[in-house]
1. Within region 47-70, track down each residue that is touching a Gly at 6+ places or on another chain (Cβ under 9 Å), farther than 16 Å from Cys128 by Cα and surrounded by 13 or more Cβ atoms within 10 Å (Cβ to Cβ).
2. Answer yes if at least one residue in region 90-98 is under 27 Å from Ser152 (Cα atoms), at pLDDT below 95 and touching a strand residue (DSSP E or B) at 6+ places or on another chain (Cβ under 6 Å), and no otherwise.
3. Ala73 - would you say it is buried (at least 20 other Cβ atoms within 10 Å of the Cβ) and closer than 22 Å to Thr50 by Cβ?
4. For region 131-146, does any single residue satisfy the condition of being closer than 25 Å to Arg43 by Cβ, exposed (fewer than 12 other Cβ atoms within 10 Å of the Cβ) and out of contact with any His (no Cβ under 8 Å at 6 or more places or on another chain)?
5. Residue pairs, Cβ under 7 Å, 6 or more apart or interchain, first in region 27-44 and within 17 Å of Arg81 (Cα to Cα), second in a loop (DSSP other than H, G, I, E, B) and modelled with pLDDT under 95. List them.
6. Name the residue, out of Arg132, Arg165, Arg148, that is charged (D, E, K, R), more than 22 Å from Ser48 (Cβ to Cβ) and modelled with pLDDT under 95.
Amino acid sequence: MHKAAKLFCCALLLAPISLAVPAWAQSDEDAGWKIYADPSGTRVDIPSKTFAVAAGPPEKGVGERFTTTDKRAELSIYVLRNTEGHTPASYLRKYMTERASNLQYHRVARHFFAVSRFNGDGILYRRCNFSRDRTGTIHCIDLAYPAREKRSWDHAVTRISRSLRPLHS
């Protein structure tokens with residue numbers, strides 16, 4: 001078989017795969033992005049068609065948890081009271097059990113932190129924004145998804161993370 005014919009046959013075999021766009025990799029318009037808002041002032045963009053299942057309260061804090069219909073990925077949005085007056089750095093020092101060298105991503109700024117790590121065959125991404133009042137609130141998102149799908153999730157994780165508000169309150 002000629003090289004061109006082989007390439008054409010391979011392209012035909014792969015075409016159905018490339019046309020089947022997973023829900024988490026949909027375009028912004030197809031993902032149904034909506035703003036989640038709660039009484040504490042937390043606001044965050046979420047792809048509502050991807051996280052279509054309300055899954056009850058988060059494991060910590062006050063908020064909501066959503067999953068994909070197949071339960072492969074989960075998004076928790078929650079608020080904590082900053083009763084100990086933590087900064088992002090002091091919060092991580094006290095509560096992060098993972099060594100910093102084991103993190104895949106680690107960013108600490110004046111009013112927020114963002115970290116991610118492998119969790120078995122998944123990835124856990126967490127971002128928390130701290131109010132300026134050191135005894136105020138901490139607004140967080142936790143996003144868990146399959147590690148093998150990291151590239152497909154990158155856009156959604158970035159948009160969700162950057163949209164988390166209030167950055168300052």
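1. The first filter runs over region 47-70 and keeps only residues touching a Gly at 6+ places or on another chain (Cβ under 9 Å), leaving 47-50, 52, 57, 64-65.
Subsequent filtering for residues that are farther than 16 Å from Cys128 by Cα retains 47-50, 52, 57.
Correct list: Pro47, Ser48, Lys49, Thr50, Ala52.
2. Checking region 90-98: at least one residue is under 27 Å from Ser152 (Cα atoms), at pLDDT below 95 and touching a strand residue (DSSP E or B) at 6+ places or on another chain (Cβ under 6 Å).
3. Details: buried (at least 20 other Cβ atoms within 10 Å of the Cβ): yes; closer than 22 Å to Thr50 by Cβ: yes.
Spelling it out, Ala73 is indeed buried (at least 20 other Cβ atoms within 10 Å of the Cβ) and closer than 22 Å to Thr50 by Cβ.
4. Restricting attention to region 131-146, the residues satisfying the condition of being closer than 25 Å to Arg43 by Cβ are 131-145.
Right, trim to exposed (fewer than 12 other Cβ atoms within 10 Å of the Cβ) and you get 132-133, 135.
When the remaining residues are screened for being out of contact with any His (no Cβ under 8 Å at 6 or more places or on another chain), the result is 133, 135.
For region 131-146, residues closer than 25 Å to Arg43 by Cβ, exposed (fewer than 12 other Cβ atoms within 10 Å of the Cβ) and out of contact with any His (no Cβ under 8 Å at 6 or more places or on another chain): present.
5. From residues that are within 17 Å of Arg81 (Cα to Cα), the pairs are Gly41/Pro166; Gly41/Ser169.
6. Only one candidate qualifies: Arg132.
The values are calculated or read from the model by the stated rules, or taken from the named source; none is laboratory data. Small disclaimer: the values here were computed from a predicted structure and weren't measured. Every residue, glycine among them, receives a Cβ derived from its backbone with ideal geometry; neighbour counts consider all protein chains shown.
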